[in-house]
Amino acid sequence: MEKQAVMLSSGASHISQHFVFKRTLFITIIFFVLLYFFYFLTGVKNMKNFKPIVLYPQFKRKPPPLISCGVPVQNDPIIKVNNLKTYLVGSYIEHRQEVKMIKTIAIVLRSETTKYNCLLCCSGQTTSVPAMYNIHSDHFGFEYGTADITCQLPENCTTPTHVAITSRSSKKDGSSQDIHTFQPVRNQQKQEVFPYEFTVCISVMYDYDNVLELVQTMEIFKILGVQKVAIYKTSCLPKTQKVLDYYIKQNFVELIPWKVNSYIKVSSGWQKSVSSGELHYYGQIAALNDCVYRYMYQTRYVALQDLDEIILPMNLKNWTELLPELERKYNQIGGFEFENNYFPVSFTNSSPKYSPDSWKKVTGVNILEHIIRISNDPTKFNNFKVIVNPRLVFQTTVHGLLQTVRNSVRVDPHIARMYHMRSIPKEIWVTHSQIQDTHLRDYADSLIPAVSKVLREALGI
């Protein structure tokens, strides 16, 4: 009996241990199942301090470099031409001349006299042809300026996929031992139908931190009918980048890396006597010219402007309605100039309706708070920005067009004008009358919820 009791006790102990083990295993499984559903159903954005354990880390491999004619290809600007003070931005087929050619937008040292070759890549073979260059007239006295380097396409290479610009002092066969990079030749086909109606070219973004105005501008672009915004970006703050990433995922923004300051001392202003540097305002003119060519066969119109500028119709809702009206009124489909109107950011008209509390957590200007416009003197020249058919443009500049198929026209400011939010020196606005202009607030009912949605989704505000 005593032995039997011991055996029963031992069996009970074994059953108890087995039960405890199964119960522990069951609880552990349930815990991980609940954790799994909590993680994936709520999303990692709501688990700020949760960091899942990665048992098998995955290392992303860099894609192998694209090679053309045995040479690596670089898709982005800027490419330095070896042994020269010449920097390449982008290369494009020029379809509008009697003879088919390639035009390369470049930044050159104006005092440097040189001769160029185009080294073309066709079907895996290279062909060298002489090139010509032309420096744009607008350089504002800086040492460097925008230039067009052009080469005629030979019969044995009418559809080059890539090009490199070399010095004509290269080897006699036109090749060069120092070629290190090709760039793609864009605009291979002349298009008549375009995926976008309106594209905005922004040049350039440098140390940008005006997050609230960036979101407001993007959203009002959408309201006006814009489908694409191209931004030539040098640098910005992390929160700015988060907003840009948000719009990139929407396929609304394209960022073009703009690292010209790695090669040239850029100016932060447009006057050399005031702003030191060797190149006008971060290389803005070269970026604008590249943007015109980059989107020439992707969009019906491009607007060349800055992020603190908004072109608004006075009596119509958007650009989709405005541009056909301008085409009828001015009897042309071409370029339209919109007169600049300053709204000093020092004049603030705050209102809870136009300044949601959540917006106050974000760095930047609230464009809805600035409703005082500085009058323009009709007897003097007033700056402007353009919306233009890019297929009519050969050269552009900050304010207007240098070489075109057809001249642009100044739009009556009662039809449309440009709203420009910026700091204005007191000596300017004290000599002009101040006008209350609340037209921008006419877009508030659509703009405010759209901006709040982006701030919430992109920044968690």
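The values are calculated or read from the model by the stated rules, or taken from the named source; none is laboratory data. On a predicted model such as this, the values are computed, not experimentally measured, just so you know. Don't worry about glycine lacking a Cβ; one is built from the backbone with ideal geometry, like all the others, and counts go over all protein chains shown. Heavy atoms of the whole protein, side chains included, go into the accessibility calculation; ligands, DNA and RNA do not. Shrake-Rupley method; radii C 1.70, N 1.55, O 1.52, S 1.80 Å.
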With x for Gly and Pro, the residue-by-residue ³J(HN,Hα) of the range 83-90, computed from phi through the Karplus equation 6.51 cos²θ - 1.76 cosθ + 1.60 at θ = phi - 60° and given in whole Hz, is 6, 10, 8, 10, 10, 8, 9, x
Would you check the accessible area of K233, probe 1.4 Å, heavy atoms only, in square angstrom rounded to 10? 40 Å²
If you roll a 1.4 Å probe over the heavy atoms of the protein chains, what accessible area per residue do you get for the range 198-459, in Å²? 41 Å²
With every protein chain in place, what's the accessible area of E197 (1.4 Å probe, Å², nearest 10)? 70 Å²
If you count, for each residue, the other Cβ atoms within 10 Å and average over each peptide, how do 427-434, 282-289 line up from highest to lowest? 282-289, 427-434
Which aspartates and glutamates, on any chain, are close to K115 with Cα under 14 Å apart, when same-chain ones fewer than 8 places away are left out? D148
Each residue of the range 255-262 in order: what ³J(HN,Hα) in whole Hz does its phi give by Karplus 6.51 cos²θ - 1.76 cosθ + 1.60, θ = phi - 60°, with x for Gly and Pro? 9, 9, x, 10, 10, 4, 5, 6
Restricting the range 207-275 to GluC sites (Glu not before Pro) in coil, as DSSP defines it, with at most 16 other Cβ within 10 Å: none
Using the Karplus curve 6.51 cos²θ - 1.76 cosθ + 1.60 with θ = phi - 60°, what ³J(HN,Hα) values do you get for each residue of the range 445-456, in whole Hz, with x for Gly and Pro? 4, 8, 6, 4, x, 5, 5, 4, 5, 5, 4, 5
Too long for a 26 Å Cα-Cα cut-off, among K80/K222; K222/K361; K80/K265; K317/K385, are K80/K222
Report in % the part of the accessible area of the range 198-459 that belongs to carbon and sulfur, leaving out ligands and nucleic acids; probe 1.4 Å. 48 percent
Burial-style ranking of 342-348, 110-116, average other-beta-carbon count within 10 Å with highest first, yields 342-348, 110-116
Projected onto the charge dipole of the range 254-316 (+1 at Lys/Arg Cβ, -1 at Asp/Glu Cβ, origin at the Cα centre), which of Q271, Q305, N315 gives the Cα projection farthest towards the positive end? Q271
Computed for the range 198-459: size of charge dipole around the Cα centre, +1 on C-beta of each Lys and Arg, -1 on C-beta of each Asp and Glu, debye to nearest 20, value 360 debye
